[in-house]
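J.: Mind having a look at this structure? Questions to follow.
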Amino acid sequence: MVTSAKMNEIGTRRWRNRESIQFRRLVDGGILYDEDGGCVHHLNGVAVLIWEALGAGATVPEMVNHVCRSYDAPAAQIEKDVVDIVRQLSVAGALQ
């Protein structure tokens, strides 16, 4: 579960994709390949939108707006999902 403090910490930071991560879009999502660690990460459609937005330098609120335009879901749920996906990508070492 993402706490309010964790949401604030993640939401206020400007994240970037690590340069050693290779991305490939697939029909139903995408994959990340970590050249340094040799790990593969599978992304669903929402995570692909977030990854691409991170590459463009988007903030968490901008990512939430971007996902809201693509999916019919409550904004509060999308914000939670965006924060959780950014956290997971960070823990996996895909972000800097």
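J.: Out of (1) in contact with a helix residue (DSSP H, G or I) (Cβ under 6 Å, 6 or more places away or on another chain); (2) assigned to a helix (DSSP H, G or I); (3) modelled with pLDDT of 95 or more, what's the single condition that is false for Val48?
T.: (1)
J.: Kindly provide the set of residues from the range 85-96 that are crowded, with 19+ Cβ neighbours inside 10 Å and touching a Lys or Arg at 6+ places or on another chain (Cβ under 7 Å), ordered by number. Steps first, please.
T.: Kept after step one, since they are crowded, with 19+ Cβ neighbours inside 10 Å, are these residues of the range 85-96: 85-86, 89, 94.
Listed by number, the list holds a single entry, Ala94.
J.: Name the residue that is surrounded by the most Cβ atoms within 10 Å (Cβ to Cβ), counting only residues in the range 30-46 that are in contact with a strand residue (DSSP E or B) (Cβ under 7 Å, 6 or more places away or on another chain) and within 17 Å of Val83 (Cα to Cα). I'd like the intermediate steps shown before the answer.
T.: So in the range 30-46, the residues in contact with a strand residue (DSSP E or B) (Cβ under 7 Å, 6 or more places away or on another chain) come out as 30-35, 40-45.
Keeping just the survivors that are within 17 Å of Val83 (Cα to Cα) gives 43-45.
Details: Leu43: 24, Asn44: 13, Gly45: 16.
This residue is Leu43.
J.: So which residues in the range 47-62 are closer than 15 Å to Val27 by Cβ and touching a residue at least 24 places away in the same chain (Cβ under 8 Å), if there are any at all? Even if it seems obvious, please write down each step before you answer.
T.: First, the residues of the range 47-62 that are closer than 15 Å to Val27 by Cβ: 47-49.
Matches in the range 47-62: Ala47 only.
J.: Which residue is farthest from the chain's Cα centre (by Cα), if the candidates are limited to the range 63-84 and must be of a type in the set (Asp, Glu) and surrounded by 14 or more Cβ atoms within 10 Å (Cβ to Cβ)? Step through it out loud before you land on a result.
T.: Going through the range 63-84, the residues of a type in the set (Asp, Glu) turn out to be 72, 79, 81, 84.
This time we only want the ones that are surrounded by 14 or more Cβ atoms within 10 Å (Cβ to Cβ), so: 79, 81, 84.
Values: Glu79: 11, Asp81: 9, Asp84: 8 Å.
Out of the qualifying residues, it is Glu79.
J.: What pairs can you find where one residue is in the range 22-42 and outside any strand (DSSP E or B), the other is polar (S, T, N, Q), and their Cβ atoms are less than 6 Å apart, with a gap of 6+ or different chains?
T.: Glu35/Ser20; Asp36/Ser20
The values are calculated or read from the model by the stated rules, or taken from the named source; none is laboratory data. Treat the numbers as computed from the prediction; the structure is a model and nothing was measured. Cβ atoms come from the backbone with ideal geometry, glycine included; neighbour counts cover every protein chain shown.
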